[in-house]
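As C-alpha cells, the structure follows; a few thoughts come after it.
No value in this document is a laboratory result; all are computed from the given coordinates. A quick note: this is a predicted structure, and the numbers were derived from the prediction, not measured. Virtual Cβ from ideal backbone geometry, glycine too; neighbours counted across all protein chains shown.
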Amino acid sequence: MKSKHFLTLLDIPKEDIKKLIHRAIELKKMTKENIVYTPLQNKTIALLFDKSSTRTRVSFEVGMTHFGGNTLFLSPRDTQLGRGEPIEDTAKVISSMVDCVVIRTHDHEDVVKFSSKSSVPVINGLTDLVHPCQLLADVMTYVEINGDIKGKKVAWIGDANNMCNSYINASKQFDFELSIATPEKYIPSLYKDDKNIVLTHDPLEAAKDADLIVTDVWASMGQEDEEDERKKIFKSLQVNKNVINVANKNAIFMHCLPAHRGEEVTSEVLDSKSSVVWQEAENRLHAQKALLEYLLVKNI
Ligand code: CP
Ligand code: NVA
C-alpha cells in the first residue's frame, strides 16, 4: 500500500521506490526541456526546520514553484513550538491548513510524533537518525551515471551518522553491498548484522573494488562541541586519492554536502572527475519533486 508519510526510506515499498527514481530522471528531463507541469497548484507545503539547510530548503521551495504550489518556511524560533507548544498540537493545527509538512530536526521521535497527529503527509528533511531525501538523490545520481545500483559495492567511509544509517536502509531497498568503515566503537545505530553489510575500520578495505564511495562530515549538526575531538578520532578515515585508487576504475564519489575540505575529503577528490557531488546536489530538486508527486498527486 502507498505510504502516507516518508520518515525513512523503508516507508516506500521496494517496487515503488525504484519507479520513483526513474520518475525523478523523467522529471529532470522535463525541467531541462522547459516543459511546464503544475500538478500541485493551490497546494502548500510547510517546511518546519529546526536546523540549518541550503540544499533541502532550496530544493523543496523550487520544486514547489515548478509544480505551481507554495511553501511556507517555519523556523521554531518564530512559531509557538519554540515556546513549548506540544508537537502533537502543532501537527493538528498545521496539517489542517497545509497539504504536506517537511520537518528537519534533531530527535527522530519528534517527527514520528508529528506524523502520528498529522492529517497530511510528513516528509523527513533530516533527523539525527536518517536523511532519506538525500538517498533518493544519491541513488538517482548513481543510476544516471552508471545504471542500476543493484549488486554494486558501495563504500561508506566516516561517521556512523544519519547518512550512514540512510545508506543501510538504501542497501535493503536497492539491493547493493555496503562496506562501512568507521572508527572503532562507532557502530551505526541501524546496523543489525545484515548479510549484505560489512563493518570495518579500514577505509582501504571498504573502498577496495567499490563502485561508489561516500562520506560525510565528521561532526554533524548538533555535534559542534565535539568537532576538535572528532577530527583526531576520524583522521585515518579521510577520503583521499589513496582511497579512490583502490576502488573500481569507473567508481564515483558522493558527499551530501556541505563538505569540510581537507577533513573527511580532500579537495583533490572533491574536485576530481570521479566526484559527482554537484550533480548529486542538483538531483535533490528532481528526486524530491518525484517524492512530492508520489505522496500528493492522486493516481501516481
Ligand atoms: N545535503 C543536505 O541536506 O544539505 P543541506 O543541509 O544544505 O540541506
Ligand atoms: N550528517 C550531516 C548531514 C548534513 C546534510 C548532519 O546531520 O549535519
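Figure the gain on full extension for K150 and H106 (residue separation times 0.36 nm, minus the Cα-Cα span) and round it to one decimal in nm.
Result for the pair: 12.7 nm of gain on full extension.
Spelling out what I want: for every residue of the stretch 182-196, take phi, set θ = phi - 60°, compute 6.51 cos²θ - 1.76 cosθ + 1.60 (Karplus), and round to whole Hz; glycine and proline get x.
10, x, 4, 6, 9, 10, x, 5, 8, 6, 9, 6, 5, 6, 9
Under 18 Å Cα-Cα from K185, which lysines qualify once same-chain neighbours fewer than 8 residues away are excluded?
Within the straight-line cut-off, K185 pairs with K231, K232, K235.
Label point 7 Å out from K14 along Cα-to-Cβ: which residues of the stretch 189-215 have amide N under 16 Å?
194-197
For the stretch 262-276, take each phi angle, set θ = phi - 60°, evaluate the Karplus expression 6.51 cos²θ - 1.76 cosθ + 1.60, and give the result in whole Hz per residue in order, putting x for glycine and proline.
x, 9, 5, 8, 7, 4, 4, 6, 4, 9, 7, 5, 6, 7, 10
Which lysines, on any chain, are close to K152 with Cα under 22 Å apart, when same-chain ones fewer than 8 places away are left out?
K14, K18, K19, K172, K192, K195, K208, K241, K249, K273
Find how much the distance from K113 to N299 grows on full extension, using 0.36 nm per residue of separation minus their present alpha carbon separation; answer in nm with one decimal.
So the extension gain works out to 64.2 nm.
Which far-off residues, 5 or more places away or on another chain, put their amide H under 5 Å from the one on F6, with H placed in the peptide plane?
Residues meeting the amide H criterion: V122, I123, N124.
Can you list the HN-Hα couplings for the stretch 173-178, worked out from phi with the Karplus curve (6.51, -1.76, 1.60; θ = phi - 60°), rounded to whole Hz and with x for Gly and Pro?
6, 10, 6, 10, 7, 10
How large is the direction-averaged shadow of the alpha-carbon convex hull of the stretch 77-217, in nm²?
So the mean shadow area of the Cα hull is 10.1 nm².
Write down, largest first, the equivalent ellipsoid semi-axes of the stretch 197-300 in whole Å, where each equals the square root of 5 times an eigenvalue of the alpha-carbon gyration tensor.
Working through the eigenvalues yields semi-axes of 28, 19, 13 Å.
Based on other C-beta atoms within 10 Å, arrange R104, R261 from fewest to most.
R261, R104
5 Å is the cut-off here: which amide hydrogens, built 1.01 Å from N in the peptide plane, fall below it relative to F73, excluding neighbours closer than 5 in sequence?
Those lying under 5 Å, H to H, from F73 are L47.
Just grab the label-to-label distance for D202 and K231, each label 7 Å out from Cα along the Cβ direction, in nm (one decimal).
2.9 nm
So what's the angle, to the nearest 10 degrees on a 0 to 90 scale, between helix 55-66 and the longest Cα principal axis of the chain?
40 degrees
Could you list V276, V217, V36 so that the one with the fewest beta carbons within 10 Å of its beta carbon is first and the one with the most is last?
V36, V276, V217
I'd like the chymotrypsin sites (Phe, Trp or Tyr not before Pro) in the stretch 37-123 restricted to DSSP loop residues with at most 14 other Cβ atoms within 10 Å, sorted by number.
Y37
K273 versus E33, label points 7 Å from Cα toward the beta carbon: distance in nm?
Taking the two extended label points, one gets 3.1 nm.
Would you mind counting up the charge near V102? Only other residues with Cβ under 11 Å from its Cβ, with Lys and Arg at +1 and Asp and Glu at -1.
+1
Report, to one decimal in Å, the Kirkwood hydrodynamic radius for the chain based on all distinct Cα pairs.
Taking every pair of different Cα atoms in the chain, averaging 1/r and inverting gives 19.6 Å.
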